[in-house]
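Peer 1: Have a look at this one before I ask anything.
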Ligand code: TGC
Ligand code: FAD
């Protein structure tokens, strides 16, 4: 009996998604893929093992247009469509979810609110420098006592002359330890949620790093401590009031994650296929066993379904028709899919699945954060449940 020694594991596109992509979208995807393979993949395990963020890559990421790809060119963005954005996040997360996080936060959670809700002066002041990576930002919504329920936030501010004085704390904030600015969501004296641009250097603002994470180890996560920080009035985002402000930013980031998770899944799947063809037990490749083939077949099926969901969502995003509920479904499904694929791939590699020579365990542990942040798996289920029944499970 003969067994294949080569399969086309490079191309994970069972339903020919490629044919729906424009030349430009393919070129963008390929450029990010190439960068991930040559610049990120060779170093990411070391950085993750050391729990260090490879911030030296920021200028190269900016050069590739990874920060705010959908922001118009007049503000320094790449002016790209949402499928291009999705493909970029897919390729980046094939490298590492933490590096995709860095780009998601910068683009969807920092540049997006300034673009959508900022004044023209704020757009011109911050967006070009954020796009070029000259400055980095973070997004402070979650608090120690308010994660899934941000409406309960305690961070607040009052007016004092030309300033707003902000007090409170934010928890689990990606990029916070090195961020130059923070989009901080806080309540005004009437209890209305507003967004403020807080700059490093303002007295009373600090961002202690959260250590000892087993997940997203190559991403810097921190707190934001605001101790009577005097923020100039011109730093208030004028264009939005209420929880819909931060939640609108999450739509953009959750959309990116629905693509990103596919990248992590594909990287695990490819690794597992290759390994199963090379690893021999009982005198034959483990790929020859029916139980291994079942695992691989189910992985590819689930990846394919997720790709189709993401592509269709991208089309709806481009038409301005995607609803937050559709985005929730895609984020939840695709992240859960990726985590399941990573766990199954880990199993296929046996003992080798737990070491850093292969990317699987790193992806798997990263995805444990991805399934929690930007709305947990349960919260997204309840968003869909509310859409089906018309009844909110949150009140
Ligand atoms: P609810 O009463 O449903 O809504 C309040 C207002 O917000 C509007 N709204 C939205 N607007 C835009 N987009 C959405 N997705 C929206 N969802 C709701 C809504 O229409 C309403 O507007 P208005 O005008 O009537 O005031 O709010 P609720 O308090 O019942 O909460 C609903 C719930 C639980 C779904 C929401 O709180 C939620 O999504 N919770 C999850 C929190 C979350 O996702 N946090 C993420 C923090 S950031 C993060 O994790 C970054 S990780 C980054 C990385 O490293 O990649
Ligand atoms: P909780 O809200 O306390 O939830 C705990 C558990 O209870 C979860 O399983 C949840 O699903 C469940 N639960 C809660 N409410 C319900 C309900 N009504 N019904 C059923 N189950 C429920 N936040 C930011 O603002 N900015 C960031 O940049 C950011 N980056 C992050 C990076 C990392 C690595 C991590 C881990 C988190 C990050 N977060 C960030 C925070 C993230 O958004 C929150 O962790 C998330 O929203 C969940 O909040 P929580 O951790 O407080 O969990």
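Laboratory data are not the source of any read-out in this text; all were calculated from the coordinates shown. Quick caveat, the model's predicted, so the values are computed rather than measured. Counting neighbours? That spans all protein chains shown, and the Cβs are built from the backbone with ideal geometry, glycine included.
Peer 1: Is the chain rounded, prolate or oblate when judged by the Cα gyration tensor, a ≥ b ≥ c being the square roots of its eigenvalues, rounded requiring a/c under 1.5 and prolate requiring a/b larger than b/c? Don't skip to the answer; put the middle values down first.
Peer 2: On the way: a/c = 1.86, a/b = 1.82, b/c = 1.02.
Prolate, since a/c reaches 1.5 and a/b exceeds b/c.
Peer 1: Cα centroids of segment 36-75 and segment 309-338: how far apart, whole angstrom?
Peer 2: Rounded to whole Å, the Cα centres lie 24 Å apart.
Peer 1: Here's a follow-up. Please give the calculated 222 nm ellipticity per residue for the chain, where each DSSP H segment of at least 4 residues contributes -39500 (n - 2.57) and the sum is spread over every residue; nearest 500 deg cm²/dmol?
Peer 2: Working: 12 runs with 181 residues, N = 395.
Helix contribution divided over all residues of the chain: -15000 deg cm²/dmol.
Peer 1: Order by neighbour count: 357, 45, 180, fewest other Cβ atoms within 10 Å first, most last.
Peer 2: So the residues, fewest neighbours to most, are 357, 180, 45.
Peer 1: Sort 15, 67 by Cβ crowding within 10 Å, fewest neighbours at the top. Don't jump to the answer; show the numbers that get you there.
Peer 2: Details: 15 12, 67 28.
In order of increasing Cβ crowding within 10 Å: 15, 67.
Peer 1: Output the 0 to 90 degree angle, nearest 10, between the alpha-carbon long axis of helix 244-278 and the longest principal axis computed from the alpha carbons of the chain.
Peer 2: Between helix and principal axis, roughly 20 degrees.
Peer 1: Label points 7 Å out from Cα along the Cβ direction at residue 392 and residue 19: separation in nm?
Peer 2: Roughly 4.5 nm, to one decimal.
Peer 1: Rounded, prolate or oblate, given the Cα gyration tensor of segment 336-395, with a/c below 1.5 counting as rounded?
Peer 2: Working: a/c = 5.61, a/b = 3.13, b/c = 1.79.
In terms of gyration-tensor shape, prolate.
Peer 1: Here's a follow-up. Using a ≥ b ≥ c from the Cα gyration tensor of segment 244-389 (square roots of the eigenvalues), is it rounded, prolate or oblate, where a/c under 1.5 gives rounded and otherwise the larger of a/b and b/c decides, a/b for prolate?
Peer 2: Values: a/c = 2.71, a/b = 2.25, b/c = 1.21.
Prolate.
Peer 1: Fewest first, what order do 146, 363, 228 take by the number of other Cβ atoms within 10 Å?
Peer 2: With the sparsest Cβ surroundings first, the list reads 228, 146, 363.
Peer 1: Same structure again: Could you state the number of Å between the C-alpha centres of segment 105-182 and segment 370-395?
Peer 2: Centre-to-centre (Cα) distance: 24 Å.
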